[in-house]
Amino acid sequence: MRPHEPESGHPTFSLDEIPFSRYGSWLDISPVVGLHRFAEDLHLVTHQTGMHAILSLVPQVDGERVETVWEADPATLTWRHAEGQIDAAFETTDTVRLRGRGLALKVVAAEPALTPFSGPYFFRDPIDGSLVYTHYQSGRRYRITTLSGRLTVVGDQALGTAERGAVIEPADSGSWEIAVEEFETSRRPYVSGGSFALVEDAVRAEFTKFLADVAPWRTQRTPAADLAAYVLWSATVNPAGFLQRPSVLMSKHWMDKVWSWDHCFNAVALAGGRPELALDQFLTPFDHQDPRGALPDSVAHSERLYNFVKPPIHGWALRTLRRHLAQDLDVQALTDIYWKLAFWARFWLDARRAPDRELPHYQHGNDSGWDNATTFDPARVLETADLAGFLVQTLSTLAELATELGLVADSEEWSVLADAIQQAMIDHLWDGSGFGARNPNTGEITRCASLLNLLPITLGARLPAQIADRLADGIKVHLTEWGVSTEPPNSPHYEPDGYWRGPIWAPSTVLVENGLRRAGHVGLADDISDRFRRLCEKSGFAENFDALTGAGLRDRAYTWTASAYLILAAEHEDRMRLAVPDSAEVVA
């Protein structure tokens, strides 16, 4: 994947990797139709009630499917063929306009089987002649309105298994145009909001403004900034279902949820240019705290999962977010955040510490966010140094907030707790050369080579210098050409596509880079930042990356990866400008 040069502001991208969508929409157009499932043709996909491929979009010439070249930028998707082309653009967040010249388009239901509880029902609406699908899985309707061209319909009111849809062909003018809408039960007949060109111009202007807001610092040194901004912009959905705020999904592929630590990196990346959206990202999981203060594992349109949690990195995230804000949060916002964050911290202190234990524990690797890291090979229920370090930062952040809000006694209590847990982490898990993990049931301490055991570096200058130095040395062992691997490549447990057993990930990179910098290991932090930014410029914004080849792995349009690039690139550009004023012109 090769983005445009940054001065264009209109990055192109491969639809095999990044879906075509727009800010606010729950729809996308992509060949990705499910978990690691790729279709031959592009599909209209919804993410309401889950990921569901709704319509298959098949270009035709003389009634036969033809191969086309897909091209996409933030405003327009094009199918290109020697006989002509088809274009698509989002008129609104729930309406897609499609037009063609020289090519016909076959639009059919992606799922042919209709049962009493699943699949699409299809009919022509006698009110306006539009074609309507009702879709059991999404619980929505999809309406096709013809603006120009000829329509041949198949499967009207069909039951059971059948092809349902239409072929739209050029009329005498040689072209055709349709609108496809997603809605609930009823909507007035479609009325065009303007020409196709006006639709494209409006979307292009909206993205250009977003790009200017979130990456005003971009230069020739940051060639992937435009595309990173598009990944964030296009994965943002309007409030709906359980998501009560504008929310950046982790992806508009199959990872179409908000996990309760992923959101922190998106919040930080947005803080400088879209502060309200950034605060929404930070607070989204807090809208769903349970009665003991726990955050859900994840939230999606129609699903909240509480079977696991995620690590308490939120103190670190809030501090970092506030540093990026042009104007700090007001007292009301800080007060609201304080009580939510305090409730979350209390969950770890009261519900995740065994009797007579000072340190909290995870119940499974999933709680850490590092699902299958080698730290959890000996046992899943563990007291770990990363958890202790994150909780210390959340407690110390609470102490600072309490001081700002005039809650002196609370501030003192949080400070004492932070110091006590940090000291317990060192006393019980540090052996002079590294951190181990302790089984709270047996007291057994185990050690491994996972990068997870080095994450107390996120404590930065809070750590004793000799411990920070040892952790920095350990991090160097994980360093490859492309960044920091989650398991050293020379480990017997290393797996190139092993999830948290080898690949490079964005969140661990940002946390390690930030911690090293605050601990005084600036050169190593610079090196890690440089390598990861180069990795994204080579391989895009995948969920994770092969640590040795740099190849993107798993979901290829992951927002926390795009956010990590934006965070590191912005901070690098700030350092460059401070070191050499006017060293590079900001791209307009």
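The values are calculated or read from the model by the stated rules, or taken from the named source; none is laboratory data. Quick caveat: nothing in here was measured; it's all calculated off a predicted structure. FYI the Cβ positions are ideal-geometry reconstructions off the backbone, even for glycines, and counts take in every protein chain you see. What goes into the accessible areas is simple: the full protein's heavy atoms, side chains included, and nothing from ligands, DNA or RNA. Shrake-Rupley method; radii C 1.70, N 1.55, O 1.52, S 1.80 Å.
For the range 422-431, check the following and say yes or no: at least one residue is open to solvent by less than 10 Å² (accessible area, probe 1.4 Å) and within 25 Å of the chain's Cα centre (by Cα).
no
On the given criteria, is Thr92 farther than 20 Å from Ser173 by Cβ, more than 29 Å from the chain's Cα centre (by Cα) and assigned by the TED database to the domain that holds Ile29?
Here the answer is no, as Thr92 does not meet what is asked.
Would you say Ala385 is open to solvent by less than 10 Å² (accessible area, probe 1.4 Å), touching a helix residue (DSSP H, G or I) at 6+ places or on another chain (Cβ under 9 Å) and within 21 Å of Lys310 (Cα to Cα)?
So Ala385 fits the description; yes.
Working only within the range 292-330, note down all residues that are part of a helix (DSSP H, G or I) and either charged (D, E, K, R) or in contact with a strand residue (DSSP E or B) (Cβ under 7 Å, 6 or more places away or on another chain) (or both).
Listed by number, the residues that qualify are Arg319, Arg322, Arg323.
Of the numbered conditions (1) in contact (Cβ under 8 Å) with a residue 24 or more places away in the chain; (2) assigned by the TED database to the domain that holds Ser25; (3) open to solvent by 40 Å² or more (accessible area, probe 1.4 Å), Asn238 satisfies every one except a single condition; which is it?
With respect to (1) in contact (Cβ under 8 Å) with a residue 24 or more places away in the chain; (2) assigned by the TED database to the domain that holds Ser25; (3) open to solvent by 40 Å² or more (accessible area, probe 1.4 Å), Asn238 is out only on (2).
So which strands (runs of 3 or more DSSP E) stay within the range 53-92 end to end and still have 2 or more residues that are open to solvent by less than 10 Å² (accessible area, probe 1.4 Å), in contact with a strand residue (DSSP E or B) (Cβ under 8 Å, 6 or more places away or on another chain) and small (Gly, Ala, Ser)?
Of the strands (runs of 3 or more DSSP E) lying wholly inside the range 53-92, those with at least 2 residues that are open to solvent by less than 10 Å² (accessible area, probe 1.4 Å), in contact with a strand residue (DSSP E or B) (Cβ under 8 Å, 6 or more places away or on another chain) and small (Gly, Ala, Ser) span 84-92.
Please work out if Ser130 is at pLDDT 95 or above and either of a type in the set (S, T, N, Q) or under 30 Å from Ala278 (Cα atoms) (or both).
Yes: the conditions hold for Ser130.
Could you tell me whether Leu524 is open to solvent by 10 Å² or more (accessible area, probe 1.4 Å), at pLDDT 95 or above, of a type in the set (A, V, I, L, M, F, W, C) and within 23 Å of His263 (Cβ to Cβ)?
Here the answer is no, as Leu524 does not meet what is asked.
Do we have any residue at all in the range 212-231 that's surrounded by fewer than 20 Cβ atoms within 10 Å (Cβ to Cβ), in a helix (DSSP H, G or I), basic (Lys, Arg) and in contact (Cβ under 8 Å) with a residue 24 or more places away in the chain?
Within the range 212-231 (the criterion being surrounded by fewer than 20 Cβ atoms within 10 Å (Cβ to Cβ), in a helix (DSSP H, G or I), basic (Lys, Arg) and in contact (Cβ under 8 Å) with a residue 24 or more places away in the chain), the answer is no, since none of the residues qualifies.
Quick check: anything in the range 483-502 of a type outside the set (A, V, I, L, M) and in a helix (DSSP H, G or I)?
Taking every residue of the range 483-502 in turn, none turns out to be of a type outside the set (A, V, I, L, M) and in a helix (DSSP H, G or I).
Within the range 470-484, take every residue that is out of contact with any Gly (no Cβ under 9 Å at 6 or more places or on another chain) and open to solvent by 10 Å² or more (accessible area, probe 1.4 Å) and give me the one that is nearest to Cys448 (Cα to Cα).
Val477
Which is open to solvent by 20 Å² or more (accessible area, probe 1.4 Å), on the phi < 0 side of the Ramachandran plot and modelled with pLDDT of 95 or more, of Arg22, Arg37? Talk me through it step by step, then tell me what you get.
Values: Arg37 fails: modelled with pLDDT of 95 or more.
Going through Arg22, Arg37 in turn, the sole match is Arg22.
Assess whether Ala197 counts as being in a helix (DSSP H, G or I) and out of contact with any Leu (no Cβ under 7 Å at 6 or more places or on another chain).
When the stated conditions are applied, Ala197 passes them.
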